[in-house]
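Worksheet for the structure shown next.
The values are calculated or read from the model by the stated rules, or taken from the named source; none is laboratory data. In this text, all values refer to a predicted model and were calculated from it rather than measured experimentally. For neighbour counting, all protein chains shown are included, and Cβ atoms are generated from backbone atoms with ideal geometry for every residue, glycine included.
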Amino acid sequence: MAPTLPSLQLPSLGALIHSQPAWYLPAFCRVLATCLCAIAMTLPWVNAITHFPHLILVFKETNYFPDVGLGAQIEATVLTSAGAMWGLGYSNSVLALSKFFVAKYGDDCIQSRAVIGVGLSLHAFTGAYMISKFPRLMRASTTSIYLGVWVLLVKIGSHQMTAESFTEPGFCFAAAALLSFLCALPLLLNNRSQLAGNVIDAYATVHALLKASGEQMLDRTPKDQPEELDTLAGKLFKQSQALPGKFLQATFEMRWGRLPADPLKDLIASVERLRAEISLGLPAAKNAALDQLDASHLLFLDTVESSTHALNSELLAALALVMESVRVAYDLPEDDAAPASDKLRSGTARLPLQPEHCLTARTALDSAADALRADIRRALNKLLAAQDVAGADQSTEEVMERVFHREMFGISLFLASLLEVSGECWNALKQSEDLLNAYRAAGKKRLLRPHLSWGWLGISEKSAALENASADHHDDGTDHNAEKEQSQAEVERAQSELMEGGPPAYHESGAPFTGAVVPRATADMPVQRFSAINKFFMKLSHKTLKFRMKIASFIRSIRNSRHIKYAIRAALGALILSIPAILPKDSPLRKQFVKGNQQWQVIGFIMGLDMDVGSIIRKNMFRICGTIVGCSYAYLCWIICRHNAPAKVVMVTAFQIPASWVILRTGIPSAAITAMVTIPTIIFAPWKEDSNIWVMGASKAGALVTGLGAALVASLLVFPLQARSEFMTQIAKSIDALSLDYVTLSRPFLRTSQVTKDYRTLGLEIENKVKDRLRMADRLLGDMALELSLLPKPTGFYSRVEVNLRRILDLFLGLRYLRQNIPHQRTVREVLDSRMHLVSSQIMIMFALSHCFRAQMPLPQFLPSSQHALEELIENLRERWVSTHSKSDQVDDTAGDIASLFSLAESEAMTEVAEALDDLTHLTGSIFGSLDWWDGNAPTTALPVQSDKKKHYWNHVWKDITHRKAIEGSM
């Protein structure tokens, strides 16, 4: 009996796909689409339909390259099809108008050619405006411009108009769209959710940052340098800012799976809150050192050390559980390098993840947080005791000396940050439990279709639902429109002042932050009486003034709009490059334009445009390299293949393999796309028998390079936008927004000395704007290095400015969390003047810094000293603690509670804000210099000095930023 062979168990197709990297399948789809498009270009019936078959591969490369999901391919098909219809319809309408002038004034008349030129310029203007205004419509607008340029510049001055001007380019576009869509269908086999992987990566960074900061703070060892913490914090900032856009893109996915992207919305919102809460405690972790602690601080740390380690371990386990929940819910492969939770192990065996594990983790997290709070109370009571560590009696002043210590502030800030993180991790575990329950209820995999919305059509880029996810919006009876009504009242009052000739009289004193201005009594003032005619003209003048103000506002918005400037640049460039095409037929330039197919100049110009000069240099440099490589490879194909169509298909498909790797795996996809556009325009173009392919190929490649170079020249001459200038503008606007955010944060806090339920949601829109501007500034830093400039470009200083602004933003976010837990009586109401002094000085500093970056002018020599205002506030807080501590022989029950810890933590956060502003002032002075007018040797009696009266909130200590002296006096 012959031995039986063991049966071979071949892996399934899905398992084989999932065992490969995620970019393999999109790369395969790209190669397949290129092969089918190349085959279509060689078919005889295709060449009978259109004289430009090579446009099929051109449209495929510029618009229809398979992405990581079928939903993105459908989106590209719908949007670009709409753009193609608009481009073909518009260009043929212009041709019809040109035909009308040809019939009226004769063949090749100047009127018909002028219509073509003006129509082309208007078409480029509209398309470029849409590209700049709505980035999601970039492919549709680009396709519209390409088709319009092609149709208009081929049919110039012709008295014959046929359907071929619509069907030939339309057929090429439709063939590229259909073949690309068919080749993207295999993407359905990839049921991986890219968004889920991005969420896991973000939580992994949160896990690494929390672990590193905990080790640095608790172990007090130099194992993790502060630079590493800054690197992790910067990486997490970029990840958290990119997740909302990826979430919006994931709603367009079409894939096989159990859960769509919507259940991840709350977890994405938690990433940003976790980032802000962990960043709040990073300064304390980076500055941790045992040699700066005295015995009482070491005793405080010893008391809370075990419970802090326990809570930190539970937080790390909770984050690992959240990552595992996302991986299981979205059927992602296991990652051995990912952090694992101990709650999923029984000995050495790994347990399957269940929703009950999240419930167990939340219970353990609550227990660890409660234990830490109890230890904090005991540690505070020991710290506030009347005896020192050795048991010797101490006075109240000596007790407060060890409480109001910078190291104690840092420890308190770290512990408060840890408690806030525990609350957010609890929410993340609850969301993970809901995610697993939804996964269990989903059953079998199904086809997940994209959600049709205005965002899917490219009109909106942001998800309002995501920005408000899990926000605590409670109605506490306050009027949230009061600020808008107050602003509108101020505008109306200003208009009435312009009409009446002067402002009304005010009371001499007005309390700060009250929002109320008391008018002076008008009982003794005579009542003004107007006739009916005067009233009629006053009313008419008021309406005229309103209309003029609206017109002025509209003109100013047009003049300052970067979208309009970009569109004008595109329209002028397209018009200038098409001038040879609208010359008379017997013009040598016109003949050369037609012979060399120089419409590729205009197409290359539109392709090479970008927002700033540095970006244009960087991208067009790679595009020119890609054009040269594509032209060289096309010559090689011609030498090898000549008129052998199957060989051409093989050569073009082979080149797509490395091109796909460049597009999907590197940061220079424009080089590969331009190369793939150049190749078919040379080897698949319908050359005449007597054509010299070497000359004609070089002519087309040269036209593309000329267009790309013209884009750089236009960006330098027409509304030039240097990355350095735009960076300064973005930084100035960021400081303005931070100043407004600080006012928004301080106004309700100082008015009522209390924190309402919606305090955490104040200014969220402002902070989102700051994050967007900082993200744009970070991109501009890379473009700045490529710009040619006679001025120095200290990019190191610019990068530190950006880091400081992000640090201030995180501290403002942290103040929202801290101020909900502080004791308001002794930390706000009783020190209100000092807090007003601190706020006003910091607002003035930010105003000066913003003006300095916007005008690129030196700083004034003297600025208010926020450090002095902070020291005054902390001293007053210390006096209130002394008075509270002295009321009884033993420690008051309210002194050793968690609110006292948050009060100390708030002091550290405000200290960090003051230091960050000082660092930003020093950097600004290093970049722009300072306007010195006093050398420190003049008699100080000539300067305003402080009077013996009580200092008001508008009196500041003026700090000399040149590090000479500080003088005190009223503003």
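Whether a residue is touching a His at 6+ places or on another chain (Cβ under 8 Å), part of a helix (DSSP H, G or I) and either within 30 Å of Arg562 (Cβ to Cβ) or at pLDDT 80 or above (or both) was assessed, and Lys99 passes this test. Can you confirm whether segment 195-210 contains a residue that is of a type in the set (Ser, Thr, Tyr), surrounded by 18 or more Cβ atoms within 10 Å (Cβ to Cβ), outside the structural domain of Ala416 (by TED's automatic domain parsing) and part of a helix (DSSP H, G or I)? No; the residues of segment 195-210 include none that is of a type in the set (Ser, Thr, Tyr), surrounded by 18 or more Cβ atoms within 10 Å (Cβ to Cβ), outside the structural domain of Ala416 (by TED's automatic domain parsing) and part of a helix (DSSP H, G or I). Any chance segment 716-723 includes a residue that's touching a Cys at 6+ places or on another chain (Cβ under 8 Å) and either surrounded by fewer than 21 Cβ atoms within 10 Å (Cβ to Cβ) or closer than 30 Å to Thr678 by Cα (or both)? No: segment 716-723 contains no residue that is touching a Cys at 6+ places or on another chain (Cβ under 8 Å) and either surrounded by fewer than 21 Cβ atoms within 10 Å (Cβ to Cβ) or closer than 30 Å to Thr678 by Cα (or both). The number of residues in segment 788-815 being surrounded by fewer than 15 Cβ atoms within 10 Å (Cβ to Cβ) and in a loop (DSSP other than H, G, I, E, B) comes to 6. Against the conditions (1) closer than 26 Å to Thr126 by Cβ; (2) modelled with pLDDT under 85, Ala48 satisfies every one except (1). Applying the criterion of being surrounded by fewer than 22 Cβ atoms within 10 Å (Cβ to Cβ) and aliphatic (A, V, I, L, M) to the residues of segment 572-609, the residue that is modelled with the lowest pLDDT is Val594.
Every test in (1) touching a residue at least 60 places away in the same chain (Cβ under 8 Å); (2) within 30 Å of Pro26 (Cα to Cα) is passed by Ile582 save one, and that test is (2).
Cys35 passes every criterion in (1) modelled with pLDDT of 90 or more; (2) more than 30 Å from Ile145 (Cβ to Cβ) apart from (2). The residues of segment 103-136 that are touching a residue at least 40 places away in the same chain (Cβ under 8 Å) and farther than 22 Å from Gln599 by Cα, listed by number, are Ala103, Ser132, Lys133, Phe134, Pro135, Arg136. Scanning segment 816-832 for residues that are in a helix (DSSP H, G or I), closer than 14 Å to Arg751 by Cβ and of a type outside the set (A, V, I, L, M) returns His824, Arg829. The requirement of being modelled with pLDDT of 90 or more, among the β-branched types (Val, Ile, Thr), within 17 Å of Lys60 (Cβ to Cβ) and surrounded by fewer than 18 Cβ atoms within 10 Å (Cβ to Cβ) is satisfied by Ile657. Could you tell me which of the residues Ser158, Ser121, Ser81 is surrounded by fewer than 20 Cβ atoms within 10 Å (Cβ to Cβ), at pLDDT 85 or above and within 21 Å of Ile49 (Cα to Cα)? None of the others qualify; the one that does is Ser81.
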